[in-house]
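The values are calculated or read from the model by the stated rules, or taken from the named source; none is laboratory data. As the structure is a computational prediction, the values presented were derived from the model and not from experiment. Glycine also receives a Cβ, built like all others from the backbone with ideal geometry; neighbour counts cover every protein chain displayed.
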Amino acid sequence: MAKQRSKSAKGLLGTLEYEVMRALWDEAPANVPAVLARVNHDRDPDRELAYTTVMTVLARLHEKGVLDRERRGRGYDYLPLFDEPALVEHLSGQEVRDLLDRYGEVALAQFAQAVEEADPKLFRRLQELTARRNDA
């Protein structure tokens, strides 16, 4: 039987990206100083992150399409576009699309084989869905 995956984005994002997202899930919208304070709260003083580090991580998450931002004075307030389970769904869909773009039918064949080996019932369900879609 296939393992159920958690809806955690940990491991799907970089370590700092995940810390920043957790801070925003707890208190969004938030600007760089607020996120910085939240992320550094439980860190040893000699391991605290710099303002520019958090600002760069927020900008990259915005570029990746997982954060929205609104101009506030000279800076931005950031807001997650997804809660954690929805982010996992978004990132997994993105990975599937990337695999299909890169490998095409080979990726589909490998996916079908992996599903069949992991969970034969799920594989039959996938076949039913495919057949139903082809009949439509």
Between a first residue in the stretch 43-70 that is among the hydroxyl-bearing types (Ser, Thr, Tyr) and a second residue that is surrounded by fewer than 16 Cβ atoms within 10 Å (Cβ to Cβ), which pairs have beta carbons less than 9 Å apart while being 6 or more apart in sequence or on different chains? Tyr51/Pro33
Identify the residue in the stretch 68-86 that is assigned to a loop (DSSP other than H, G, I, E, B) and over 14 Å from the mean Cα position of the chain (by Cα) and, among all such residues, is surrounded by the most Cβ atoms within 10 Å (Cβ to Cβ). Gly73
Out of curiosity, is Asp46 surrounded by fewer than 13 Cβ atoms within 10 Å (Cβ to Cβ), among the acidic types (Asp, Glu), at pLDDT 90 or above and not in a loop (DSSP other than H, G, I, E, B)? yes
Tell me which residues, restricted to the stretch 67-98, are in contact with a Leu (Cβ under 9 Å, 6 or more places away or on another chain) and either of a type in the set (A, V, I, L, M) or at pLDDT below 95 (or both). Leu67, Leu79, Leu81, Leu87, Val88, His90, Leu91, Ser92, Glu95
